[in-house]
1. Could you figure out which of (1) at pLDDT 75 or above; (2) part of a loop (DSSP other than H, G, I, E, B); (3) in contact with a Gly (Cβ under 9 Å, 6 or more places away or on another chain) isn't true of HIS61?
2. Would segment 211-222 turn up any residue that is of a type in the set (Gly, Ala, Ser), farther than 25 Å from ALA42 by Cα and either surrounded by 23 or more Cβ atoms within 10 Å (Cβ to Cβ) or in contact with a Lys or Arg (Cβ under 7 Å, 6 or more places away or on another chain) (or both)?
3. Return yes when SER232 is touching a Leu at 6+ places or on another chain (Cβ under 9 Å), without any contact (Cβ under 8 Å) to a residue 60 or more places away in the chain and not β-branched (Val, Ile, Thr) and no when it is not.
4. Among the residues of segment 105-121, write down those that are without any contact (Cβ under 8 Å) to a residue 24 or more places away in the chain and either surrounded by 14 or more Cβ atoms within 10 Å (Cβ to Cβ) or in a loop (DSSP other than H, G, I, E, B) (or both).
5. Looking at segment 127-237, what strands (runs of 3 or more DSSP E) fall wholly within it and have at least 1 residues that are within 16 Å of the chain's Cα centre (by Cα) and basic (Lys, Arg)?
6. Answer yes or no: is there a residue in segment 176-196 that is under 24 Å from ALA62 (Cα atoms), among the hydroxyl-bearing types (Ser, Thr, Tyr), surrounded by 20 or more Cβ atoms within 10 Å (Cβ to Cβ) and modelled with pLDDT of 95 or more.
7. What's the number of the condition GLU85 fails, among (1) surrounded by fewer than 19 Cβ atoms within 10 Å (Cβ to Cβ); (2) at pLDDT below 95?
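The values are calculated or read from the model by the stated rules, or taken from the named source; none is laboratory data. These numbers come from a predicted model, not from an experiment. Virtual Cβ from ideal backbone geometry, glycine too; neighbours counted across all protein chains shown.
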Amino acid sequence: MLAWGQLLHGHDPPRLRSIVKRPMLAWVNASAAEWRPDDPSAARALLEAHSHARAACATSHATTLPSGGWCLRRMARRQLFGHAERRVTLRDGTRFMLPDTHVEADSILVRVLLRRVLRASDGTLLSLLDLGSGVGQYGYALRALAPLLPYRAYDGAGDVEEYTRGFVRFADLRLRLALPRADWVLSLEVGEHLAAAHEAMYLRNLHAHNCRGIVLSWALHGGHQHVNRRPSAYVVGLVTPLGYRLNEKLTEAMRSPHVRSRVRPEQQQPRGNMTVYGWFAHTVMVFERIQPLSGIGCT
């Protein structure tokens with residue numbers, strides 16, 4: 001198993017709490033504690049943001065919104081990464097369109113999520129909220145193996161609801177959101193697309209919407225609109241003071257360095273029936289609440 005110091009690239013864990021200012025963490029905790037599913041002001045703000053984002057994708061020439069969200073159809077038309085889009089067909093026959101700006105779900109993450117994260121002790125499937133979900137490719141991959149998985153997905157692309165035919169809903173992670181809560185929150189390669197000024201609200205939304213924990217990755221390497229890259233030590237310093245512990249065993253299982261070491265950090269590589277990405281060897285982490293929540297949305 002990887003040692004803590006290896007996971008954090010040599011940083012001293014007791015000093016991590018000093019990375020983030022205490023007032024920011026106090027605000028995150030206080031705001032998350034005010035979450036409720038019937039918050040009219042949050043609903044109005046989200047509706048207004050969606051209206052602006054949808055209009056921008058329909059009328060402007062930009063491919064990226066001020067929020068960090070994308071305009072999927074325009075990106076596909078412009079073949080931003082060399083191709084437009086392609087149809088993905090999963091083993092259960094599920095089909096969905098994947099723009100070239102996104103990639104298919106990582107096979108190792110899907111396997112560990114289903115086998116070791118999203119199962120209660122009695123075998124019950126736990127619910128998952130995917131924030132910054134792209135076109136919902138992890139939801140499709142997970143449900144291909146577990147059709148009854150309670151899964152909801154949200155993304156900041158202005159035309160995501162039209163592109164995915166409602167499978168993914170719009171959400172601006174810069175706003176104080178009041179979405180349905182889930183047992184676990186998944187947020188992969190999202191934080192780097194948000195300006196540093198919006199880190200606190202992003203963290204608040206992750207914290208407010210989970211009952212048991214967060215599966216989180218934050219890019220270290222360059223990429224399209226990666227404006228806020230962060231090392232693992234910094235991310236641990238953001239999350240653990242809020243009442244989480246880093247689950248080292250699950251983190252190691254998802255990182256799978258013995259497999260991913262054969263893939264360059266910025267690349268993907270098909271391996272038989274699997275697709276794995278090199279960057280997750282250094283970015284993905286599993287945080288579990290020290291004291292899980294109960295109540296609405298919690299199993």
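1. Every condition holds for HIS61 apart from (3).
2. If we filter segment 211-222 for residues that are of a type in the set (Gly, Ala, Ser), which is where we start, we get 213, 217, 219, 222.
Now narrow it down to the ones that are farther than 25 Å from ALA42 by Cα: 217, 219, 222.
If we keep only those that are either surrounded by 23 or more Cβ atoms within 10 Å (Cβ to Cβ) or in contact with a Lys or Arg (Cβ under 7 Å, 6 or more places away or on another chain) (or both) too, we end up with 217, 219.
Yes, segment 211-222 contains a residue that is of a type in the set (Gly, Ala, Ser), farther than 25 Å from ALA42 by Cα and either surrounded by 23 or more Cβ atoms within 10 Å (Cβ to Cβ) or in contact with a Lys or Arg (Cβ under 7 Å, 6 or more places away or on another chain) (or both).
3. Values: touching a Leu at 6+ places or on another chain (Cβ under 9 Å): yes; without any contact (Cβ under 8 Å) to a residue 60 or more places away in the chain: no; not β-branched (Val, Ile, Thr): yes.
So SER232 does not fit the description; no.
4. Step one: list which residues in segment 105-121 are without any contact (Cβ under 8 Å) to a residue 24 or more places away in the chain, which gives 111, 115, 119, 121.
Within segment 105-121, ARG111, ARG119, SER121 qualify.
5. On the way: elements: 128-131, 151-155, 182-188, 210-217.
Where strands (runs of 3 or more DSSP E) fall fully within segment 127-237 and carry at least 1 residues being within 16 Å of the chain's Cα centre (by Cα) and basic (Lys, Arg), they are 151-155, 210-217.
6. No; the residues of segment 176-196 include none that is under 24 Å from ALA62 (Cα atoms), among the hydroxyl-bearing types (Ser, Thr, Tyr), surrounded by 20 or more Cβ atoms within 10 Å (Cβ to Cβ) and modelled with pLDDT of 95 or more.
7. Answer for GLU85: the failing condition is (1).
Table: residues versus (1) acidic (Asp, Glu); (2) under 17 Å from VAL185 (Cα atoms); (3) out of contact with any Phe, Trp or Tyr (no Cβ under 7 Å at 6 or more places or on another chain).
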position: THR94; (1), (2), (3): no, no, no
position: VAL117; (1), (2), (3): no, yes, no
position: ALA120; (1), (2), (3): no, yes, yes
position: GLY123; (1), (2), (3): no, no, yes
position: LEU126; (1), (2), (3): no, yes, no
position: GLY139; (1), (2), (3): no, yes, no
position: GLY158; (1), (2), (3): no, no, yes
